[in-house]
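Take a look at the structure below.
The values are calculated or read from the model by the stated rules, or taken from the named source; none is laboratory data. Fair warning: this is a prediction, and the values are worked out from it, not measured in the lab. Positions of Cβ are backbone-derived with ideal geometry, glycine not excepted, and every protein chain shown enters the neighbour counts.
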Amino acid sequence: MHREDLDALIGHAQEGDIRAFEALVAGHLPLVRRFARAFAVSDADADDLAQEALVRVYKHLRLFRYQASFSSWLYALVRNAFLDAEKGRAGTRRTREEPLGVEHEERAGGVRPDDALERAQDEERLWRALRQVPIEFRSAVVLFDIEGCTYDEVATIEGVAVGTVKSRLHRGRAHLRGLLEAIEPRAAHSAGARSPPGTDVSAAPSHLRRGS
């Protein structure tokens, strides 16, 4: 969607146009769900977190003043919804595992069943490992390596300096690589995250990145 069209849609939604709000949400739902998945224990929990974030979008959309891009604002809402939920749970967590869902099946279209299954398994290993990375490092890795945000965008979402983002990325990637190697050495070495020059840490398979 072009910037002018997005701005117009946001403006109409802020004025109370329900159809505009629905169109705005529909266009950003995949982004919200994918980022929510980095924080949730299961896909079902990711759906709940995404839903909570969208409720916040509805309640606070009129407060959006373009201090950052709309997508950055959404990422921050998802992250804050998760942190608030964590405080409410007081450390209590569910640990159930969910079977592969429709999202995986749709993503596998046109791929041989064996290859699709292997990719889905690699993806599940990655997300299981990501959920064990400390939250401040995890968020930076997902935003930069999977969502394709810039250092400045991540800094805005996290509310920290760019130097802090780079430090969190370095530590997060190292933590993630150790977790992946503990699960299966091949998983860590076959991953292909976007890394800056001089960085050899592979955090996310390329098919998981935004726009792939």
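Would you mind listing the helices (runs of 4 or more DSSP H) fully within the stretch 108-206 where at least 3 residues are at pLDDT 80 or above, on the phi < 0 side of the Ramachandran plot and among the β-branched types (Val, Ile, Thr)?
Passing ranges, in order: 151-158, 162-183.
Let's see how each residue does on (1) more than 23 Å from residue 154 (Cα to Cα); (2) free of Cβ contacts under 8 Å to residues at least 40 places away in the same chain:
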| site | (1), (2) |
| --- | --- |
| 2 | no, yes |
| 10 | no, no |
| 13 | yes, no |
| 41 | no, no |
| 47 | no, yes |
| 51 | no, yes |
Open item on the list: For the stretch 55-63, check the following and say yes or no: at least one residue is within 19 Å of residue 156 (Cα to Cα) and at pLDDT below 90.
Closed with: yes
TODO: Answer with yes or no whether residue 72 is surrounded by 14 or more Cβ atoms within 10 Å (Cβ to Cβ) and either touching a helix residue (DSSP H, G or I) at 6+ places or on another chain (Cβ under 7 Å) or free of Cβ contacts under 8 Å to residues at least 24 places away in the same chain (or both).
DONE: yes
